[in-house]
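Only the coordinates and a few stated rules stand behind these numbers; no lab work does. Everything numeric in this text was worked out from a predicted model, so none of it was measured. Don't worry about glycine lacking a Cβ; one is built from the backbone with ideal geometry, like all the others, and counts go over all protein chains shown.
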Amino acid sequence: MTNLQKIMTLFVLFAPALTHAGERALVIATDSKELQWGPCPAFIPKGCEIAILQGDPAKNNLDIFFKVPGDFEIPHHLHTSQERMVLVSGTLDVKYDNQPMATIKTGEYAYGPARLPHTAYCHKGADCILYIGFVAPLDAMPVKAAE
């Protein structure tokens, strides 16, 4: 193998690492002191909290923990982004408009389409902590019930 071939081989092997050299890998628990829990949008009752895991809420590709206490109703709302979710703790009923209610249990994955209004209820007995990955910037808008 020539020196040029060796250099090219090393470049191919290490170039991907250089591309992501500025990004920090992350492993974080729901009870970590590093998490900064903040309030949810005003239309969601007190007790709801959000912690940013990775990303900027104003930009695409954001990961959060969403936490509510047991026996908690999340009002009718929608997001402009799809939601990719894994329930970390608790049991959560989710009802998307014109679809049957689904019960999400700890460890289960759920997908919520963009702009599809929904409600949710965290069962009694344990806090519900939901990992949510948003594709578009973070938002949540209340939806008025049809009259």
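Figures for the structure shown
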{"read-out": "Relative contact order [Cα under 8 Å, 6+ residues apart], region 26-147, whole percent", "value": "32"}
{"read-out": "Rounded to the nearest 20 debye, dipole of region 48-147 from Cβ charges on Lys, Arg, Asp, Glu", "value": "140"}
{"read-out": "³J(HN,Hα), Karplus 6.51/-1.76/1.60, whole Hz, each residue of region 46-61, x for Gly, Pro", "value": "4, x, 7, 9, 10, 10, 7, 8, 7, x, 10, x, 8, 10, 5, 6"}
{"read-out": "Pairs of Lys in region 30-142 closer than 26 Å at Cα, counting only those 8 or more apart or on different chains", "value": "17"}
{"read-out": "Gyration tensor verdict on region 67-147 (Cα atoms; rounded if a/c is under 1.5, prolate if a/b is larger than b/c, oblate otherwise)", "value": "oblate"}
{"read-out": "Estimated inter-spin distance, ARG84 and GLU34, nm [label 7 Å along Cα→Cβ]", "value": "2.1"}
{"read-out": "Distance from region 100-114 to region 46-98 (C-alpha centre basis), Å", "value": "11"}
{"read-out": "Calculated from backbone phi, Karplus (6.51, -1.76, 1.60) coupling profile of region 112-127 in Hz, x at Gly/Pro", "value": "x, x, 4, 6, 9, x, 7, 10, 8, 9, 8, 4, 5, x, 7, 4"}
{"read-out": "Under Karplus coefficients 6.51, -1.76 and 1.60, residue-wise ³J(HN,Hα) of region 88-98 in Hz, glycine/proline x", "value": "8, 8, x, 9, 10, 8, 10, 10, 8, 3, 6"}
{"read-out": "Listed peptides 97-108, 46-57, 27-38 by packing density, highest first (mean Cβ within 10 Å)", "value": "46-57, 97-108, 27-38"}
